[in-house]
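Enquirer: I'd like to ask you about the structure that follows.
The values are calculated or read from the model by the stated rules, or taken from the named source; none is laboratory data. Quick caveat: nothing in here was measured; it's all calculated off a predicted structure. Quick reminder, even Gly has a Cβ in these numbers, built from the backbone with ideal geometry, and neighbours come from all protein chains shown. Surface areas here come from the heavy atoms of the whole protein model, side chains and all, with no ligands, DNA or RNA. Shrake-Rupley method; radii C 1.70, N 1.55, O 1.52, S 1.80 Å.
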Amino acid sequence: MEVIICPDERAAANLVARVIAHELHARPQLVLGLATGRTMEKVYDELARQYREEKLDFSLCRTFNLDEYIGLPPTDPHSYRHYMHQQLFSRVNIDPRNAHLPDGMAKDLKAECDKYEADIRDCGGIDLQLLGIGRSGHIGFNEPLSALRSRTRDKALTPATIEQNAPLFGGDPKKVPRRAITMGVGTILDAHRIVVLVTGQEKAEIVAKAVEGPITSMVTASVLQLHPRCTVVVDEATAGKLQGTEYYRWIFENEPDWAEFR
Ligand code: F6R
């Protein structure tokens, strides 16, 4: 695992967007795992800018989102399908047939989850998975005590996550769906490369647990310590409770792989 500390939220999001763009240039048919949430909005703004101004090409790219609420149709403004359309898909030249999200309206949820896993496999697996971390320490909607080898399935959201996402539902926690389909922890770990973006002081404690604490299903993000190619990008506020910041900064300044991103 590597940790990169950026001066602020904007710089952190821009760095993540540049990593995605770099991978997309290298492999135009990239299989990209995507996340939703407020943290990702600046990443999608920057990718849309690069498409407009620098001709970043998404025409061959395949995407798989981490999760979708159960019971919300794709047209619902709170669905993750709608979020992705607004934030990215409608702003770049991605082929809609290549943009996958689980169907939260599926009658047979188990069959839908199995199909999602099969679709990822048929594309050759995820090349680059983008992740955020929730206040509960979740990745995707893998809430505390999620099996660390779990695959795509439906999960109940914790009260902390319902509270975290309530602002997107007009501030009313009662309007937040109680369940979601999410890639499993095992599904996420299968990605060839993982880039995690976390910003804001309120995530400082959970990031310290995920990066420097013990691996535990109580903080599912901590399992990322097992991944051979995982980069965690944070801003100064989020880095506030990390112990090893001096070393992390040294790596970013000295590793040749990061030269073009400095
Ligand atoms: C989103 C997702 C979640 C979020 C996390 C952080 O698809 O799977 O794990 O990445 O809840 O959300 P924000 O960025 O809104 O704090």
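Enquirer: Once fully extended, how much extra length lies between Gln86 and Leu145, figured as 0.36 nm per residue of separation less the alpha-carbon to alpha-carbon distance?
Expert: Between Gln86 and Leu145, full extension yields an extra 18.0 nm.
Enquirer: Just the number: Rg to Rh for segment 207-258, Cα atoms, Kirkwood Rh, two decimals.
Expert: 0.98
Enquirer: Within segment 106-176, list the trypsin sites (Lys or Arg not before Pro) lying in a DSSP loop whose Cβ has at most 10 other Cβ atoms in a 10 Å radius. Walk me through the numbers on the way to the answer.
Expert: Values: sites: Lys107, Lys110, Lys115, Arg121, Arg135, Arg149, Arg151, Arg153, Lys155, Lys174, Lys175; in loops: Lys107, Arg135, Arg149, Arg151.
For trypsin sites (Lys or Arg not before Pro) across segment 106-176 that sit outside H, G, I, E and B with at most 10 neighbouring Cβ atoms in 10 Å, the list reads Lys107.
Enquirer: Same structure, new question: Could you check what % of the DSSP bridge pairs in segment 87-204 are antiparallel, to the nearest 5?
Expert: Values: 5 of 9 bridges.
Here the share of antiparallel DSSP bridges comes out near 55 percent.
Enquirer: Got a number for carbon plus sulfur as a percent of the chain's accessible area, 1.4 Å probe?
Expert: Details: 5970 of 11770 Å².
Summing carbon and sulfur atoms, their accessible area is 51 percent of the total for the chain.
Enquirer: Can you list residues whose amide H is under 5 Å from Ile70's amide H, if they're 5+ apart or on another chain and H is modeled 1.01 Å from N?
Expert: Close amide H contacts, sequence-distant or interchain: Arg179, Ala180, Ile181.
Enquirer: For the chain, what does the accessible surface come to per residue with a 1.4 Å probe? Please give it in Å². List each step's numbers first, then the result.
Expert: Numbers: 11770 Å² over 262 residues.
About 45 Å² of surface per residue is accessible.
Enquirer: A further question follows. Run the paramagnetic zone check for Gln225: 7 angstrom along Cα to Cβ, then residues of segment 140-156 with backbone nitrogen under 18 Å.
Expert: The answer is 144-149, whose backbone nitrogens lie closer than 18 Å to the label point.
Enquirer: How big is the shadow of the Cα convex hull of the chain, averaged over all directions, in nm²? If you can, show how the numbers build up before the last one.
Expert: Values: hull surface 51.1 nm².
If you wrap the Cα atoms of the chain in a convex hull and average its projections, you get 12.8 nm².
Enquirer: Where in segment 19-54 does the label zone of Ala160 land, with the point 7 angstrom along Cα→C-beta and an amide N cut-off under 20 Å?
Expert: Within reach of a label on Ala160, which here means backbone N under 20 Å from a point 7 Å along Cα→Cβ, segment 19-54 contributes 36-40.
Enquirer: If one computes the Cα centroid of segment 1-80 and of segment 218-262, what distance in Å separates the two points?
Expert: 19
Enquirer: Sticking with this one: Residues of segment 195-232 with amide nitrogen under 17 Å from the 7 Å Cα-to-Cβ point of Arg178?
Expert: The answer is none.
Enquirer: So, R0 is 35 Å and r is the distance between the beta-carbons of Arg52 and Thr245; what FRET efficiency does that work out to, to 0.05?
Expert: Details: r = 35 Å, r/R0 = 1.01.
The calculated FRET efficiency here is 0.50.
Enquirer: Using the Cα centre as the reference, give the magnitude of the dipole from point charges on the C-beta atoms of the chain (Lys, Arg: +1; Asp, Glu: -1; all else neutral), rounded to the nearest 20 debye. Please report the intermediate quantities before stating the final value.
Expert: Details: 32 positive and 37 negative charges, 121 e Å.
Dipole of the chain, to the nearest 20 debye: 580 debye.
Enquirer: Could you list log10 I(q)/I(0) for segment 78-218 at q = 0.09, 0.18, 0.20 Å⁻¹, which the Debye formula gives when each Cα is one point scatterer?
Expert: Cα-only, vacuum Debye calculation for segment 78-218: -0.29, -1.28, -1.56.
Enquirer: Calculate log10 I(q)/I(0) of segment 1-83 for q = 0.25 Å⁻¹, where I(q) comes from the Debye formula with a single equal point scatterer on each Cα and nothing for solvent.
Expert: Reported log10 I(q)/I(0), two decimals: -1.29.
Enquirer: Grab the other residues whose beta carbon is less than 11 angstrom from that of Glu68, score K and R as +1, D and E as -1, and report the net.
Expert: Local net charge: -3.
Enquirer: Can I ask one more? Provide the gained length on full extension for the span Ala111 to Cys123, in nm with one decimal, where the gain is 0.36 nm per separating residue minus the Cα-Cα distance. Numbers along the way, then the final one.
Expert: Details: separation 12, 0.36 × 12 = 4.32 nm, distance 1.84 nm.
Difference between extended and current length: 2.5 nm.
Enquirer: Please report, to one decimal in angstroms, the Kirkwood hydrodynamic radius of segment 147-262 built from all distinct Cα-Cα pairs.
Expert: Values: mean 1/r = 0.0621 Å⁻¹.
For segment 147-262, inverting the mean 1/r across all distinct Cα pairs yields 16.1 Å.
Enquirer: A follow-up question, please. For a quick size check, give me the Cα extents of segment 63-140 along its three principal axes, largest first, whole Å.
Expert: The Cα atoms of segment 63-140 stretch 30, 28, 28 Å along the principal axes, largest first.
Enquirer: Let me ask another. Hand me the trypsin sites (Lys or Arg not before Pro) from segment 21-79 located in a DSSP loop with no more than 10 other Cβ atoms within 10 Å, in residue order please. Walk me through the intermediate numbers first.
Expert: Details: sites: Arg38, Lys42, Arg49, Arg52, Lys55, Arg62; in loops: Lys55.
Qualifying residues, ordered by number: Lys55.
Enquirer: Using the structure shown, list the pairs from Lys155/Lys203; Lys115/Lys155; Lys110/Lys209; Lys107/Lys155; Lys55/Lys203; Lys174/Lys209 with a Cα-Cα distance above 24 Å, or answer none. Walk me through the numbers on the way to the answer.
Expert: On the way: Lys155/Lys203 22 Å; Lys115/Lys155 17 Å; Lys110/Lys209 32 Å; Lys107/Lys155 16 Å; Lys55/Lys203 34 Å; Lys174/Lys209 29 Å.
Beyond 24 Å: Lys110/Lys209; Lys55/Lys203; Lys174/Lys209.
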